[in-house]
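Structure record follows, encoded as structure tokens.
The values are calculated or read from the model by the stated rules, or taken from the named source; none is laboratory data. Just so it is clear, the model here is predicted, and its values are computed rather than measured. Here Cβ is always computed from backbone atoms with ideal geometry, including for glycine, and neighbour counts include all displayed protein chains. Accessible surface areas use protein heavy atoms only, side chains included; no ligands, DNA or RNA. Shrake-Rupley method; radii C 1.70, N 1.55, O 1.52, S 1.80 Å.
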Amino acid sequence: MSQPSSRHLVAPELLAGLDFFPRVDFSEGVGPWRANLFERPPLPPHLAEVSLEERSVPGAPGAPDVRVLVYAPPGPVKAGRPAMLDIHGGGYVIGSADMSDAANRALALSHDCVVVSVDYRLAPETAWPGALEDCYAALCWLHDQADALGVDRARIAVGGSSAGGGHAAALAIHARNRARIDPAAPMPCFQLLDIPMLDDRTGTSGDPHPYCGEFTWTAEHNRFGWGALLGMAPGGPDVPEAAVPARVQDLTGLPPAFILIGGLDLFLEESLEYARRLSRAGVPVELHVIPGGYHGFGLMQDAPQSRQSAALRDAALARAFGIGL
């Protein structure tokens, strides 16, 4: 039985965006989608004032160094700023630390914070846990260099969109596990999970949602992305629990979470379930479902749903940072 179309459920303000998104096809591999997929427009003057420094930080033992981009508000270093470790999206197989340049600059200004964007190694060339190791190395570096960067170690958040949200969730779990062994290890204060990619079983097993995942990121894309990251077929019993946030049994002791998802996104049900499980584990969680939103609808920045989503994310992060309290 074929999946019914969900086009009539798309919010009217977001319909035009369906013609904007490229029709991603991984049948010829990831190469064509890594070249110039995310071109950056010229920066407005106020964003250009945000400083940007490219750094190379030590990777995990035996792994290469990790490239990071460090954004800071204009002016001299000011002690005690919060920080965000930003993890880019791209289905685990495409994207780079540069793709959220304008958004990271805007975040540095709006929240008077330091933003560190991680250029983690991509799948399939690097399977799990390579990207997780890179993200944790960046978190450790940010924690270690907090004084030099003017960062408050107690106010370091992690976050990302799509695959970046999945990596952020996995990083929060990994950091918790390490902190249980070494109390001096860095522990994020907050995890911002925007349309997160959390469960390799979505699109491979179970009962698929009849109206989710028709647009932009489909079950077929999901199988490819997760398979590339895991180095094996997704959805099976041999997938390591630690590689997939939704498979992790123990969610206690994680930092407070924010989850935002579109009502037509392939990741809707896994986001709802993850929020439910976080709540039952005693983790404060804020969940928002945007009706009529497909995966990536936020790229239509002028749509009311996108403005609403941005305002919700900004307000949650401000509360996590203690801004305005």
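First select every other residue whose beta carbon is under 10 angstrom from the beta carbon of residue 160; then total the charges, Lys and Arg +1, Asp and Glu -1. Around residue 160, the surrounding residues sum to -2.
How big, in percent, is the set of alpha carbon pairs in the chain lying more than 35 Å apart? When every Cα pair of the chain is considered, 15 percent fall beyond 35 Å. Judged by the mean number of other Cβ atoms found within 10 Å, the most tightly packed of the peptides 19-29, 91-101 leads the ranking 91-101, 19-29. Seen from residue 196, the other residues with C-beta closer than 11 Å to its C-beta sum to a net charge of -4, counting Lys and Arg as +1 and Asp and Glu as -1.
Take every DSSP beta bridge whose two residues both sit in the range 1-159; close to 55 percent of them are antiparallel.
Take the alpha-carbon positions of the range 109-153, form their convex hull, and give its projected area averaged over all directions (one quarter of the hull surface) in nm². Display every interim value, and only then the final one.
Numbers: hull surface 15.1 nm².
If I average the Cα hull's projected area over directions, I get 3.8 nm².
I want the local charge near residue 272. Using Cβ-Cβ distances under 12 Å, sum +1 for each Lys or Arg and -1 for each Asp or Glu among the other residues. My count for the surroundings of residue 272 gives -3.
Hydrodynamic estimate: the Kirkwood radius of the range 161-273 over Cα pairs, inserted into Stokes-Einstein at 25 °C and 0.890 mPa s, corresponds to D of 169 µm²/s.
Normalised by 2.2 N^0.38 Å, where N is the number of residues, the C-alpha radius of gyration of the range 260-325 stands at 1.21.
Label sites at residue 315 and residue 277, each approximated as a point 7 angstrom past Cα along Cα to Cβ, lie 2.9 nm apart.
On the beta carbon distance between residue 54 and residue 232, with R0 = 25 Å, the FRET formula returns roughly 0.15.
Its Cα gyration tensor gives the range 212-270 an equivalent ellipsoid, and the semi-axes of that ellipsoid, as √(5λ) in whole Å with the largest first, are 21, 19, 8. Rounded, prolate or oblate: which one fits the range 181-229, using the alpha carbon gyration tensor with axes a ≥ b ≥ c (rounded when a/c is under 1.5, else prolate when a/b beats b/c, else oblate)? Note, shape of the range 181-229 comes out prolate. Taking the dipole about the Cα centre of the chain, with the C-beta of Lys and Arg at +1 and of Asp and Glu at -1, give me whichever of 203, 322, 32 is farthest to the positive side. Highest projection toward the positive end goes to 322.
For the range 215-300, what does the accessible surface come to per residue with a 1.4 Å probe? Please give it in Å².
Numbers: 3280 Å² over 86 residues.
It amounts to 38 Å² per residue over the range 215-300.
About its Cα centre, what dipole magnitude does the chain give when the only charges are +1 on Lys and Arg Cβ and -1 on Asp and Glu Cβ, stated in debye to the nearest 20? Mind showing how you got there, number by number?
Details: 24 positive and 37 negative charges, 140 e Å.
Around 680 debye, computed over the chain.
Once a ≥ b ≥ c are taken as the square roots of the eigenvalues of the Cα gyration tensor of the range 57-110, is the result rounded (a/c under 1.5), prolate (a/b larger than b/c) or oblate (a/b not larger than b/c)? The partial results should precede the final answer.
Working: a/c = 2.80, a/b = 1.40, b/c = 2.00.
Oblate shape, in that a/c is at least 1.5 and b/c is the bigger or equal ratio.
Take each peptide in 62-71, 47-56, 105-114, 205-214, count the other Cβ atoms within 10 Å of every residue, and average; sorted highest first, the result is 105-114, 62-71, 205-214, 47-56. Over the alpha-carbon set of the range 1-139, divide Rg by the Kirkwood Rh and report the Rg/Rh ratio to two decimals. Expressed as Rg/Rh, it is 1.04. When DSSP beta bridges are restricted to pairs lying wholly in the chain, around 30% turn out antiparallel.
I need the shape label for the range 137-182. Rule: rounded when a/c is under 1.5, else prolate if a/b > b/c, else oblate, with a, b, c from the alpha carbon gyration tensor. Each step should come with its number before you reach the end.
Details: a/c = 2.46, a/b = 1.33, b/c = 1.85.
The shape class here is oblate.
Would you kindly state how much longer the chain becomes between residue 112 and residue 21 on full extension, computed as 0.36 nm times their sequence separation minus their alpha carbon distance, in nm to one decimal?
On the way: separation 91, 0.36 × 91 = 32.76 nm, distance 3.20 nm.
Full extension of this stretch gives 29.6 nm more.
So, with a 1.4 angstrom probe, what is the percent of accessible area on the chain that is carbon and sulfur? Taking all protein chains in place, the chain shows 55 percent carbon and sulfur surface.
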